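Input: a single structure, listed below in structure tokens.
The values are calculated or read from the model by the stated rules, or taken from the named source; none is laboratory data. Because the structure is a prediction, the values reported are computed rather than measured. Glycine gets a Cβ as well: all are built from the backbone with ideal geometry, and neighbour counts include every protein chain shown. The protein model used for the area step is the full one, side chains on, heavy atoms only, and it has no ligands, DNA or RNA in it. Shrake-Rupley method; radii C 1.70, N 1.55, O 1.52, S 1.80 Å.
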Amino acid sequence: MRRTVALRLLAGLSATAVGAAVCVTLVTPQASAAVGSATGFATRNGGTTGGAGGQTVRATTGTQIHAALCNRASSSTPITIQVEGTINHGNTTKVSGSSCNTAADVIELKQISNVTILGVGNGAVFDQLGIHIREASNIIIQNVTVRNVKKSGSPTSNGGDAIGMESGVRNVWVDHVTLEASGGESEGFDGLFDMKNDTQYVTLSYSILRNSGRGGLIGSSESDRSNGFVTFHNNLYENIDSRAPLLRGGVSHIYNNHYLRINESGINSRAGGQAKVENNYFQNAKDVLGTFYTSEAGYWQVSGNTFDNVTWSARSGDNNPAGPNPTSNTSVSIPYSYRMDAASCVPNIVRDTAGANKGIRTSNGNCTPTNPTTSPTPGPTSPTPGPTNSPTPGPTNPPSGTNLSIGAGSDGSSKASGTSYGDVRDGNMSTAWSPSGATGSISIKWDSAKTISRVNIREASGSVGNIRGWRVINHGNGAVLASGTTAGVISFASTSLSKVTFEITSSSGTPRVAEFETYA
């Protein structure tokens, strides 16, 4: 990789920190989770709901964040961690437990799932301390600032990444965050938003990335092409040298972003990467799109972008900018619905909505900022439902085909149970399984892998409608296949697995599942 030039730092960078405070942890059962719903590729692969339906814990130190993860019943028990104050090296230590795998000097989200980290109150600042997501799924990070994370010098954290993801990460939504450094690699900083080693289904939305040599990457090397399905929308990239982002392989959707002072190169699609780049505003920048620093080409589809005082270098060797008149060299299919503003109003929309502590405002797709329907401070009781595009259950009549839950090779299991799991796979609507409380999980498993694309959760007579929040999980790898509210027929992408789990995350009365049917 060619070394970029020294970063052009903005004058008058703020170094103000929020004072740390001592706080007693507050636990609120079934409080609100993130504000709004995930967008972009984070809505695929079953959706991203974070800690929705679980308890809410307040934290003012990194150690309290780790303790909240470690005090859960399991590594997948949903939780929302509301953070206020400054999280730094002095208050972030390792905490041990069966439901966590933490480390000192970094916020470690490792080998866990179903977690929301939400900045509240006067704001949450992760000062010189990165957030590391590894072997994890269904994670939401919202309304926080991460700044000045270093890989060299002192102190160091997270390899110099503000937010870094690696090793089998699935379904992450990062929203309304501010990620910033105070220089480039020579000053000890690395990427602001990095994804590598099989990280997929990620959305970065309404966020600010600024004052860094490297905005972020998808893929750590030309051979690391297992990443992708990443959406970047309504973000501000300001005073960035390069990697805005760098894409090695995979698919990326980049729309309604404001690029301001990109110093060396911007969207760098290479090594077979495919980027759909539409309705962005590029301003006072250089080489904002192309394949740079490699001979291995990448591809792009462009439409609706505005190039305002953008300069383009000549094509030569491993430097292949898309301009001065960018045209598409591939076609990229986007599998979800989305709303776009015209590029002309993107600078204003992004200015009014992007970043932490701006009220989690979004755009309505008509160049008008809108306020959230809920506040980042939790309401009294009700859980926030999953994304609006979560699968909508159908009627309770079973789908056509063979119910794979009954027959040779099938079995079951349950947690938090008060009755027999066998009652959900006996074909008898008069028998039912119930958890011992308001939440719990029930599974169907086989002695050899089965391919399924639908489940039918049939509630017992007198209990229909009691199940509210739920998830369908591939037990083998922890992937969330679907999530939503109210039981019934649930469809998802065909998946080969040996055990499927229906997890009840909230209920309005005692849940009673008469039959857990599975279909190809």
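Tell me, please, whether a residue that is in contact with a Gly (Cβ under 7 Å, 6 or more places away or on another chain), touching a residue at least 60 places away in the same chain (Cβ under 8 Å), within 17 Å of LEU260 (Cα to Cα) and open to solvent by less than 30 Å² (accessible area, probe 1.4 Å) can be found in the stretch 162-182. Checked against the condition, which is being in contact with a Gly (Cβ under 7 Å, 6 or more places away or on another chain), touching a residue at least 60 places away in the same chain (Cβ under 8 Å), within 17 Å of LEU260 (Cα to Cα) and open to solvent by less than 30 Å² (accessible area, probe 1.4 Å), the stretch 162-182 yields at least one hit.
This table checks each residue for (1) assigned to a strand (DSSP E or B); (2) more than 22 Å from ALA343 (Cα to Cα); (3) in contact with a Pro (Cβ under 9 Å, 6 or more places away or on another chain); (4) modelled with pLDDT of 95 or more.
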| position | (1), (2), (3), (4) |
| --- | --- |
| PHE232 | yes, no, yes, yes |
| ILE240 | yes, no, no, yes |
| ALA244 | no, no, no, yes |
| ARG261 | yes, no, no, yes |
| SER265 | no, no, yes, yes |
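Would you check if ALA73 is out of contact with any strand residue (DSSP E or B) (no Cβ under 6 Å at 6 or more places or on another chain) and either modelled with pLDDT of 95 or more or β-branched (Val, Ile, Thr) (or both)? Reasoning before the result, please.
Values: out of contact with any strand residue (DSSP E or B) (no Cβ under 6 Å at 6 or more places or on another chain): yes; either modelled with pLDDT of 95 or more or β-branched (Val, Ile, Thr) (or both): yes.
Considered against the rule, which asks whether it is out of contact with any strand residue (DSSP E or B) (no Cβ under 6 Å at 6 or more places or on another chain) and either modelled with pLDDT of 95 or more or β-branched (Val, Ile, Thr) (or both), ALA73 comes out as yes.
Meeting the requirement of 1 or more residues that are among the aromatic types (Phe, Trp, Tyr) and modelled with pLDDT of 95 or more, the strands (runs of 3 or more DSSP E) wholly within the stretch 282-344 are 289-292, 299-303, 306-311.
Out of all the residues in the stretch 113-136, is one or more charged (D, E, K, R), surrounded by 24 or more Cβ atoms within 10 Å (Cβ to Cβ) and modelled with pLDDT of 95 or more?
The answer is no; no qualifying residue exists.
Quick check on this structure: which one of GLY484, GLY488, GLY465, GLY469 is open to solvent by 20 Å² or more (accessible area, probe 1.4 Å) and of a type outside the set (Asp, Glu)?
Values: GLY484 fails: open to solvent by 20 Å² or more (accessible area, probe 1.4 Å); GLY488 fails: open to solvent by 20 Å² or more (accessible area, probe 1.4 Å); GLY469 fails: open to solvent by 20 Å² or more (accessible area, probe 1.4 Å).
Result of the check over GLY484, GLY488, GLY465, GLY469: GLY465.
Within the stretch 29-78, how many residues turn out to be aliphatic (A, V, I, L, M) and either touching a helix residue (DSSP H, G or I) at 6+ places or on another chain (Cβ under 6 Å) or closer than 22 Å to SER491 by Cα (or both)? Break it down into steps so the answer makes sense when it comes.
At the first step, the residues of the stretch 29-78 found to be aliphatic (A, V, I, L, M) are 31, 33-35, 38, 42, 52, 57, 59, 65, 67-69, 73.
Filter once more, so that each one left must be either touching a helix residue (DSSP H, G or I) at 6+ places or on another chain (Cβ under 6 Å) or closer than 22 Å to SER491 by Cα (or both): 38, 42, 52, 57, 59.
Number satisfying all stated conditions: 5.
Within the bounds of the stretch 434-446, is there any residue that is touching an Asp or Glu at 6+ places or on another chain (Cβ under 6 Å), more than 26 Å from GLY50 (Cβ to Cβ), of a type in the set (Gly, Ala, Ser) and open to solvent by less than 50 Å² (accessible area, probe 1.4 Å)? Among the residues of the stretch 434-446, not one is touching an Asp or Glu at 6+ places or on another chain (Cβ under 6 Å), more than 26 Å from GLY50 (Cβ to Cβ), of a type in the set (Gly, Ala, Ser) and open to solvent by less than 50 Å² (accessible area, probe 1.4 Å), which makes the answer no.
The conditions are (1) without any contact (Cβ under 8 Å) to a residue 60 or more places away in the chain; (2) of a type outside the set (Lys, Arg); (3) buried (at least 18 other Cβ atoms within 10 Å of the Cβ), and GLY476 fails exactly one of them. Which is it? It is condition (3) that GLY476 fails.
Please specify each residue of the stretch 499-512 satisfying the condition of being out of contact with any Gly (no Cβ under 6 Å at 6 or more places or on another chain) and either of a type in the set (Gly, Ala, Ser) or in a strand (DSSP E or B) (or both). Let's see the steps before the verdict.
Here is the first cut: in the stretch 499-512, the residues out of contact with any Gly (no Cβ under 6 Å at 6 or more places or on another chain) are 499-503, 507-512.
Correct list: LYS499, VAL500, THR501, PHE502, GLU503, SER507, SER508, GLY509.
When GLY215, GLY183 are screened for being over 13 Å from ASN235 (Cα atoms) and at pLDDT 95 or above, only GLY183 passes. Sort out which residues of the stretch 291-337 are in contact (Cβ under 8 Å) with a residue 40 or more places away in the chain, buried (at least 19 other Cβ atoms within 10 Å of the Cβ) and among the small types (Gly, Ala, Ser), and write them in order of number. The answer is GLY298, and nothing else. Please go through the stretch 214-230 and give me each residue that is open to solvent by 10 Å² or more (accessible area, probe 1.4 Å), part of a loop (DSSP other than H, G, I, E, B) and either over 20 Å from LEU179 (Cα atoms) or not hydroxyl-bearing (Ser, Thr, Tyr) (or both), ordered by number. Selection gives SER221, GLU222, SER223, ASP224, ARG225, SER226. Checking the stated criteria, GLY159 turns out to be farther than 27 Å from GLY54 by Cα and either surrounded by fewer than 24 Cβ atoms within 10 Å (Cβ to Cβ) or more than 19 Å from the chain's Cα centre (by Cα) (or both). Go through the stretch 493-511 and count every residue that is at pLDDT below 90 and over 11 Å from THR439 (Cα atoms). Final tally of qualifying residues: 2.
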